[in-house]
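One structure below.
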Amino acid sequence: MKMNEDLKTVAHVDLQRYLGTWFEIARKPMRFEDATARDITATYERDGDAVRVVNSCIDADGKVDVAVGQARPVDASNAKLEVTFLPQGLRWIPFAKGDYWILRVDDEYRTALVGEPGRKYLWLLHRTPRMDFAAKHEWLEFARMRGYDLGDVIYPSQSGQVHREAEAAD
């Protein structure tokens, strides 16, 4: 697949089933995520017609780092969402939103592959902190076949801990 070809998402996402906590199994590097962070989770909760996003991790200094944002579906498929982590009063700013496209989710909603149309960002998420090696490889191969370069993928350490914003040191 060529990079300029359209990236396909799943046909439909049942947001109710997608809600809850996901453990980050693998990801491509991002400038605002510590490459050495561990115990990375994403928790999704219903927030009216939007989804509240709580991302948490333990950074290199052992501190719990939490970011709270909001996601909104951009169409009826619920497979393409726009996410912002700006403070509540600034979330209307359009250029501060990122694409969160659900490329694949299994029938049980236990594993999900999320990316964006530029193929710069990618997350492999799972409902438990560990994923079978063969399954992990198969899910990442799915991404590679859709144009993702996997040479820089990060596999964060997962102990199974889940942190919430109440635990953040703010």
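What number comes out for the charge environment of R17, summing +1 per Lys or Arg and -1 per Asp or Glu over other residues with Cβ under 15 Å away? Once positives and negatives cancel, what remains is -1.
Proximity of backbone amide H atoms, modeled 1.01 Å from N, is registered between I154 and R27, K28 at under 5 Å, excluding neighbours fewer than 5 places apart on the same chain.
Just checking the listed ones, A35, A26, A134: in the Gaussian network model of the chain with Cα springs under 10 Å, the one fluctuating most is A134.
Taking a ≥ b ≥ c as the square roots of the Cα gyration tensor eigenvalues, the chain comes out rounded, since a/c falls below 1.5. Couplings 3J(HN,Hα) for the range 102-110, derived from phi with the Karplus relation 6.51 cos²θ - 1.76 cosθ + 1.60 (θ = phi - 60°), are 8, 7, 7, 9, 6, 4, 8, 6, 10 Hz, where x marks Gly and Pro.
About the centre of its Cα atoms, the chain shows a dipole size close to 300 debye [charges on the beta carbon of Lys, Arg (+1) and Asp, Glu (-1) only; nearest 20 debye]. Label sites at Y155 and K63, each approximated as a point 7 angstrom past Cα along Cα to Cβ, lie 3.0 nm apart.
Within the shell of other residues whose beta carbon sits under 13 angstrom from the beta carbon of D34, the net charge comes to -2, with Lys and Arg scored +1 and Asp and Glu -1.
The 3J(HN,Hα) values that the Karplus relation (6.51, -1.76, 1.60; θ = phi - 60°) gives for the range 8-17 are, in residue order, 8, 9, 5, 5, 7, 10, 7, 4, 4, 6 Hz. Gly and Pro appear as x. Going 7 Å from the Cα of R17 along its beta-carbon direction, which residues of the range 123-148 have the amide nitrogen within less than 16 Å of the resulting point? Under cut-off, by backbone N: 126-127.
For the range 1-78, just say rounded, prolate or oblate: build the C-alpha gyration tensor, square-root its eigenvalues into a ≥ b ≥ c, call rounded for a/c under 1.5, and beyond that prolate if a/b exceeds b/c, oblate if not. The shape class here is oblate.
Each reported figure results from applying straightforward, stated rules to the coordinates on display, with no laboratory input. Everything numeric here is computed off the predicted structure, so don't read it as measured data. Here Cβ is always computed from backbone atoms with ideal geometry, including for glycine, and neighbour counts include all displayed protein chains.
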